[in-house]
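Scroll down for the structure; my scribbles are underneath it.
Coordinate-derived values only; no laboratory data. Keep in mind the model is a prediction, meaning the values are calculated, not measured. A quick note on method: Cβ atoms are made from the backbone with ideal geometry, for glycine too, and the neighbour counts reach across all protein chains shown.
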C-alpha cells in the first residue's frame, strides 16, 4: 500500500499544468492526501483522478482560495471524518480522517505561524487538539498514519539555512517540542527512520531567488506512523523532481496484512 501526501498550493493550477495528473498516474498511490487545495469541489471542474479510479473526499476552508484538504483513495474507507470537531479549526479545512478497518489515515495541514509569529498560539493549540485525537484513536485499537504539511522543521538537519530561520515560525522551540512529543509517544517520522543520515532532503522551497533550483529548502512535510506499523514499513521517500507546487510529494510504502485493513477484523 502506497500512501502519499502533497501540499499542492492550489489544486486547479496543478491540474491545469498536468503535473498532478501525471504524478498520480506514475506514482499511483493507493491513498493520497493534499493540503492547500485552495478550492471547493464545485470549483474544480477537471478531476483527472476520477478517470484513474480514485474516490474523493473534500474539506475546503470557508474562506475562498485558502487552505483546504482533499483525500483520494482507490478503496472506499469504512468511515470518513472531516475536521477535529472544533469550529475555529474546522472552518479552515485542516484535516480529513479515514478509517480502513483497524487503520486510521489522517491527512492534515498544520497552521502556519505567520509573520512575527502572530499565529503561533493558534498553531500550538491546533497541534494539541490533533495530538489528543490520534491518541484517542490508538486507545480504540487503531493503527495510525498521519501525513501532511506540519509547518515545522524538526531539527536543523531539516532545513538548509537554520541560522537564517532562527526565531521564526517553523523552527521555534515550542513548535519543535511538539514533534519531539510525537516521537516520545511512539509515532515515527518514517523518512528520518529509514534515512537517518540524510541531509538536504527537502520538501518545500521558497520561490524567492530560485531557491528550489539551488535546493535551499525545508523538510516540513511528513508521514508519521504509530510504532506498531514499523514492521510493515517498506519504504519512505521524497519526490523533489515532481513539479506543480512549491512543495513536493512525500510518501511511504506499507505491506499490511489484510486483518489490519479489513472492516470488522
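By how many nm would the segment from residue 195 to residue 90 lengthen if fully extended, with 0.36 nm per residue of separation less the alpha-carbon distance? Working shown, then result.
On the way: separation 105, 0.36 × 105 = 37.80 nm, distance 3.39 nm.
Length difference between fully extended and current span is 34.4 nm.
Could you give the length gained on full extension between residue 117 and residue 227, defined as 0.36 nm per residue of separation minus the Cα-Cα distance, in nm?
36.4 nm
How would you order 178-184, 64-70, 216-222, 115-121 from highest to lowest mean count of nearby Cβ atoms within 10 Å?
In descending order of packing, they fall as 216-222, 64-70, 178-184, 115-121.
Compute the Cα gyration tensor for the stretch 31-122, then decide on rounded, prolate or oblate, letting a ≥ b ≥ c be the square roots of its eigenvalues: rounded whenever a/c is under 1.5, prolate when a/b is larger than b/c in the other cases, and oblate in all that remain.
Taking the square roots of the gyration eigenvalues as a ≥ b ≥ c, the stretch 31-122 is oblate.
When the label point is put 7 Å from the Cα of residue 43 along its Cα-to-beta-carbon vector, which residues of the stretch 61-98 have a backbone N closer than 14 Å?
From the stretch 61-98, the list is 61-70, 92-93.
What distance in nm lies between label points placed 7 Å from Cα along the C-beta direction at residue 215 and residue 28?
Distance between label points: 2.9 nm.
Give the percent of DSSP beta bridges with both residues in the stretch 2-261 that are antiparallel, rounded to the nearest 5.
Numbers: 40 of 52 bridges.
The antiparallel proportion sits near 75 percent.
Once you have the Cα-Cα distance between residue 235 and residue 17, take 0.36 nm times their residue separation minus that, and quote the gain in nm to one decimal. Display every interim value, and only then the final one.
On the way: separation 218, 0.36 × 218 = 78.48 nm, distance 2.86 nm.
Additional length available on full extension: 75.6 nm.
Based on the Cβ-Cβ distance of residue 262 and residue 185, what FRET efficiency does E = 1/(1 + (r/R0)^6) give at R0 = 45 Å, to the nearest 0.05?
On the way: r = 26 Å, r/R0 = 0.59.
It comes to 0.95.
Rounded, prolate or oblate: which fits the stretch 172-257 when a ≥ b ≥ c are the square roots of the eigenvalues of the alpha-carbon gyration tensor, with rounded for a/c under 1.5 and prolate only if a/b beats b/c?
oblate
Once you have a ≥ b ≥ c as the square roots of the Cα gyration tensor eigenvalues for the chain, tell me rounded if a/c is under 1.5, and otherwise prolate or oblate according to whether a/b is larger than b/c.
Taking the square roots of the gyration eigenvalues as a ≥ b ≥ c, the chain is rounded.
So, in nm, how far is label residue 78 from label residue 165 when the simple model puts each one 7 Å beyond its Cα toward the Cβ?
Here the answer is 3.8 nm between the modelled labels.
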